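Below is one structure, written out as C-alpha cells; comments come after it.
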Amino acid sequence: MAKAVFHKGQRVYVKPVGTWASIEIVNPQWVKGVEEPLRVTYDVGLGREFQAHELAAQDREMSKPDLIETENWRVLRAVNRLSADGRDPRHPMPGTFPVVVTDEKDWGGWRVPMAEYDRDPARIEHQARVFANALRLMRVARELIEFAQDYPHETPGQMQELAQQAETILAGIYHDTVQRSEALAAAE
C-alpha cells in the first residue's frame, strides 16, 4: 500500500535529473477492493513519471541541493581512435581528448566533438581544467561568503566586496538552474 507523499503544485528536487520541478499530476494506481492505492507516481513534466524515492521535498532551510559537497568533477582522457592526426604534435596529449566527468560511473559530464578539439586543442584542454575545478572554486566562494557573514566587523572592506560578488555569482548559478527547469515545465 502507498500513500501520496507529495501534493500537486509542490516544488520537489528530482534526483535522477538533478533539477527542481513542480508536481503537475499525482497518479495513484488503484486496485479494486483495496482502500489505499497500490502505488503512487508523480508527473513533474520531465517526460516520465517518478516515484516518491526519486523526489525530495523542498526544505525550508535549504532551497537547493548542495551539489558543491556531493559532486566531484574530474578530467579523464578518452582515446581519439577516429582521428587521422592523433599523433599530431600540435595536440597537447596526442591521440586523446579530455572528458570532464561528473559522476562516479564516468557517464555524465562534458565532452567535446572531435572536430572542435582538432580546431584548437589547447583551448579545449584549458576549458576541461576550468570545468573540472569549478566546484572547488564554488566551495571557496561559499566559504568566503560564510566568513563575511559570520564575522562582519572583522572582515576588511575589500573582502566584503569579494564576498558580495561571490554571493551574486552563486545566486546566478542556482537561480538560473531553477528558472530553466521552470521554463521546461511550462513549455510542456
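Every number here is computed from the coordinates shown, using simple stated rules; none is lab data. A quick note: this is a predicted structure, and the numbers were derived from the prediction, not measured. We place every Cβ from the backbone using ideal geometry, glycine too, and count neighbours over all the protein chains shown.
Could you pull out which residues in the range 21-51 have an amide N less than 12 Å from a spot 7 Å beyond the Cα of Ala4, following the Cα-Cβ vector? Of the residues in the range 21-51, 23-29, 37, 40-43 have backbone N under 12 Å from the label point off Ala4. Using the Cβ-Cβ distance between Arg11 and Ala122 with R0 set to 45 Å, the FRET efficiency from 1/(1 + (r/R0)^6) comes to roughly 0.55. Each label was represented as a point 7 Å from its Cα along the Cα-to-Cβ direction; for Glu143 and Glu36 these points are 4.6 nm apart. A simple spin-label model places pseudo-atoms 7 Å from Cα toward Cβ; at Trp110 and Gln165 they are separated by 2.0 nm.
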